[in-house]
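Colleague: Shown below is the structure under consideration.
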Amino acid sequence: KWIHVMAPLAVVVDDDISVRESLESLIRSAGLEVRMFASAEEFLNSAHPRKADCLILDVRLPDMSGIDLHRQLLARGCRVPAIFITAHGYDDHTRSQTYSDWTVACLTKPFSEDELFDAVQAALKWRPRS
């Protein structure tokens, strides 16, 4: 008897299609399922918020920031580890905004494949700090 085991699901929310396509290819090459969204609203209106095992969120999105999206998910009881990405760097204010027990990493674009893979692997093993 065969048991079908689903691969972990990574969700990417980034308004830049080239970033989404690159991340989709990288994440699939690691054996994960991946779903792509261009905005926070598109993601929130999907069936995926509670199914995701890992979130990769752009800090700057057109409708709401990735930071606010993650806070909204946490407030709804949707506890999913997040990796934040940005092309604008992380100053002290941005780092403090991204901080939560469910934040795994903050990566600055362009980041290496290894940085992404390490962050995703950490997210899949994530347990919040106590």
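The values are calculated or read from the model by the stated rules, or taken from the named source; none is laboratory data. Keep in mind that what you see is a predicted model, and the values were worked out from it rather than measured. FYI the Cβ positions are ideal-geometry reconstructions off the backbone, even for glycines, and counts take in every protein chain you see. Note: accessible area is taken over every heavy atom of the protein model, side chains too, but ligands, DNA and RNA are not part of it. Shrake-Rupley method; radii C 1.70, N 1.55, O 1.52, S 1.80 Å.
Colleague: Can you say whether ARG71 is of a type in the set (D, E, K, R), part of a loop (DSSP other than H, G, I, E, B) and either surrounded by fewer than 22 Cβ atoms within 10 Å (Cβ to Cβ) or modelled with pLDDT under 90 (or both), as far as the supplied structure shows?
Modeller: In short, no.
Colleague: For segment 44-54, indicate whether the set of residues that are within 20 Å of THR108 (Cβ to Cβ) and open to solvent by less than 70 Å² (accessible area, probe 1.4 Å) is non-empty.
Modeller: Within segment 44-54, the first condition is being within 20 Å of THR108 (Cβ to Cβ), and the residues that meet it are 54.
After this cut, where a residue has to be open to solvent by less than 70 Å² (accessible area, probe 1.4 Å) as well, the list is 54.
Looking for residues that are within 20 Å of THR108 (Cβ to Cβ) and open to solvent by less than 70 Å² (accessible area, probe 1.4 Å), one finds at least one in segment 44-54, hence yes.
Colleague: Let me ask another. Can you tell me which residue is most open to solvent (accessible area, probe 1.4 Å) among those in segment 5-20 that are under 15 Å from the mean Cα position of the chain (by Cα) and of a type in the set (Val, Ile, Thr)?
Modeller: Within segment 5-20, the first condition is being under 15 Å from the mean Cα position of the chain (by Cα), and the residues that meet it are 8-16, 19-20.
Filter once more, keeping what is of a type in the set (Val, Ile, Thr): 11-13, 19.
On the way: VAL11: 0, VAL12: 0, VAL13: 0, VAL19: 29 Å².
Result: VAL19.
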